[in-house]
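Each value in this text was obtained by applying a stated rule to the coordinates, not by laboratory testing. Fair warning: this is a prediction, and the values are worked out from it, not measured in the lab. Don't worry about glycine lacking a Cβ; one is built from the backbone with ideal geometry, like all the others, and counts go over all protein chains shown.
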């Protein structure tokens with residue numbers, strides 16, 4: 001999508017979504033006693049802290065909904081976008097891997113990290129699941145044209161019913177029966193979000209008007225419910241243990257059902273989508289459109305399997321802030337500072353490496369989209 005076509009409301013939301021993802025990894029890795037001390041695991045403070053880890057799933061919801069909102073009515077093949085994603089991910093994973101091995105060798109150490117598994121994870125990150133988000137997003141992009149064809153042929157009632165069933169199976173069923181882990185998969189998660197985004201785009205007349213004064217209470221209520229729910233599943237009550245509820249059921253990670261994060265993300269997205277489009281010519285608009293393509297690189301850097309083992313030990317090399325007030329000041333400052341540094345690094349890589357590489361590949365790969373012509377999809381412009 002060119003800068004003339006891109007609406008910087010959504011690009012700003014994309015930047016914000018990645019900030020939330022960085023925040024969740026910050027809280028998941030911090031050295032605070034409420035997080036690391038097993039004796040405090042059952043406290044309300046620990047449950048509230050764990051609820052902060054839900055912020056990343058809000059970011060994931062927003063990121064996927066933005067893509068779904070535009071892809072759900074697209075008649076172009078997804079292949080060029082998928083190739084761009086693949087190339088971008090490989091540049092980061094393979095590049096970081098090669099640099100890391102080179103540093104180890106230069107220091108005179110044996111490259112024990114150079115294994116078949118790690119090499120495959122670096123060279124084939126999408127198929128190896130190096131980043132769960134990228135692998136699920138890639139599959140969702142591949143499925144998008146088929147979901148769109150289905151949406152075109154289903155009645156409004158049936159498409160809404162399909163979306164409701166998918167949400168039930170993906171999120172609600174997991175809460176009612178925690179042993180049915182197989183019903184919640186990363187791909188199922190993203191397909192559910194895609195269907196939600198498609199409903200918002202296709203049937204906007206059914207969506208209630210969302211104002212900011214509604215968004216804020218929804219966020220507070222969902223965080224409160226997440227904290228209470230997390231405290232209950234952490235309580236160790238016999239029925240909870242017997243049913244096998246994981247302590248992270250409402251937050252994030254394996255076995256979680258991020259229903260509250262999805263509610264918050266969806267409400268925020270609808271609010272933004274219903275606001276008046278902004279002028280692209282403003283200074284802020286131009287800045288947002290310039291840096292938003294680099295947001296994915298922030299994820300690819302800080303969640304890289306090599307980088308993250310050093311990053312968070314560096315960030316939390318200092319002692320825990322002594323009070324709640326100091327945490328409320330220091331944590332946002334550290335998260336925003338880290339995000340700016342990562343965004344700057346990603347923007348540099350995007351400008352100096354990825355964009356030139358994609359320009360070279362463009363004439364060779366654009367024609368590959370014709371495989372989807374059978375489904376009435378036009379070859380997508382390389383954007």
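Under a 10 Å cutoff between Cα atoms, tell me which one of 23, 33, 106 has the largest fluctuation in the Gaussian network model of the chain.
106
Could you let me know the centre-to-centre spacing of the stretch 168-218 and the stretch 296-353, using Cα atoms, in angstrom?
Each part's Cα centre sits 29 Å from the other's.
Taking neighbour counts of Cβ atoms within 10 Å as a proxy for exposure, in what order, fewest first, do 316, 10 appear? All intermediate terms of the calculation are to be shown ahead of the outcome.
Values: 316 15, 10 23.
Fewest-to-most ranking of 316, 10: 316, 10.
Semi-axes, largest first, in whole Å: what does sqrt of 5 times each Cα gyration tensor eigenvalue give for the stretch 205-295? Please report the intermediate quantities before stating the final value.
On the way: eigenvalues 271, 56, 21 Å².
In descending order, the three semi-axes are 37, 17, 10 Å.
Go ahead and set up a Gaussian network model of the chain, Cα springs under 10 Å, then flag whichever of 356, 319, 80 fluctuates most.
In the Gaussian network model the winner is 319.
Quick check on the exposure proxy: order 49, 76, 109 from fewest to most C-beta atoms within 10 angstrom.
Placing the least packed residue first, the sequence is 109, 76, 49.
Would you mind giving the average projected area, over all directions, of the Cα convex hull of the chain in nm² with one decimal?
For the chain, the mean projected area of the Cα convex hull comes to 21.6 nm².
For the chain, set up a GNM with springs between Cα atoms under 10 Å and report which of 260, 212, 305 has the largest fluctuation.
Checking each option, the largest mean-square fluctuation is seen for 212.
Sum -39500 (n - 2.57) across every DSSP H segment of at least 4 residues in the chain, then divide by the residue count to get the 222 nm mean residue ellipticity, nearest 500.
-21500 deg cm²/dmol
Diagonalise the Cα gyration tensor of the stretch 20-140 and give the resulting equivalent ellipsoid semi-axes, square root of 5 times each eigenvalue, largest first, whole Å.
Values: eigenvalues 187, 158, 20 Å².
The answer is 31, 28, 10 Å, longest axis first.
Between the stretch 1-58 and the stretch 104-126, how many Å separate their Cα centres?
Result: 29 Å between the Cα centres.
Once the Cα atoms of the stretch 131-250 are picked out, what are the Rg and Dmax in Å?
17.1, 48
Could you calculate the FRET efficiency of residue 351 with residue 235 from 1/(1 + (r/R0)^6), where r is the beta carbon distance between them and R0 is 41 Å, rounded to 0.05?
The formula returns an efficiency of 0.20 here.
Relative contact order (percent) for the chain, with alpha-carbon contacts under 8 angstrom and 6 or more residues of separation?
Once normalised by length, the contact order is 30 percent.
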